[in-house]
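Here is the structure we will look at.
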Amino acid sequence: MKEKKFFYIGKVSKITGIPEHILRYWEKEFKILKPLRDHRGYRIYTEKDIKKIENIKLLIYNEGYKIKGAKKKIKSKKNKESKKEIISFLKSLLKEIEGVKKWLK
């Protein structure tokens, strides 16, 4: 998968084991899954999209979530990641402020 950066839906279907019609359905259901389109209107998936598909597949097929539950799980995971990034940024900002405070004394 590393030599190519973009994949059409047929190749993504083979890579993930998900039928093309399910991929198109998931595209409508999951806001995180938005493949690009080429000049002919064909879907072009990136490696990032494939990882998202694999995550959705794991939730639905392996963990037994329904579509609605998988959406909630993805949303809560996304929120947790955002919070971690914010906390990390604030901690680094606090260290900088403390450094400036020491410098001013």
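Taking Ile86 as the residue in question, decide whether it is closer than 17 Å to Glu27 by Cα and either of a type in the set (Val, Ile, Thr) or not in a helix (DSSP H, G or I) (or both). No, not satisfied.
Mind checking whether some residue in the stretch 35-51 is under 18 Å from the mean Cα position of the chain (by Cα), farther than 20 Å from Lys75 by Cα and assigned to a helix (DSSP H, G or I)? Taking every residue of the stretch 35-51 in turn, at least one turns out to be under 18 Å from the mean Cα position of the chain (by Cα), farther than 20 Å from Lys75 by Cα and assigned to a helix (DSSP H, G or I). Pairing residues of the stretch 11-30 that are free of Cβ contacts under 8 Å to residues at least 12 places away in the same chain with residues that are in a helix (DSSP H, G or I) and of a type in the set (A, V, I, L, M), at Cβ distances under 6 Å and at least 6 apart in sequence or on separate chains, gives Glu20/Ile9. In the stretch 52-74, the residue that is nearest to the chain's Cα centre (by Cα) out of those that are more than 21 Å from Gly10 (Cα to Cα), outside any loop (DSSP other than H, G, I, E, B) and not basic (Lys, Arg) is Ile74. Going by what's in this entry, would Lys68 be described as modelled with pLDDT under 95, surrounded by fewer than 14 Cβ atoms within 10 Å (Cβ to Cβ) and of a type outside the set (Phe, Trp, Tyr)? Against the criterion (modelled with pLDDT under 95, surrounded by fewer than 14 Cβ atoms within 10 Å (Cβ to Cβ) and of a type outside the set (Phe, Trp, Tyr)), Lys68 qualifies.
In the set Glu63, Glu54, only one residue is at pLDDT 90 or above and surrounded by 10 or more Cβ atoms within 10 Å (Cβ to Cβ); that residue is Glu54.
The values are calculated or read from the model by the stated rules, or taken from the named source; none is laboratory data. Note that the coordinates shown come from a computational prediction; the quantities given were computed from them, not determined experimentally. Methodologically, a virtual Cβ is constructed for each residue, glycine included, from the backbone with ideal geometry; neighbour enumeration extends over all protein chains shown.
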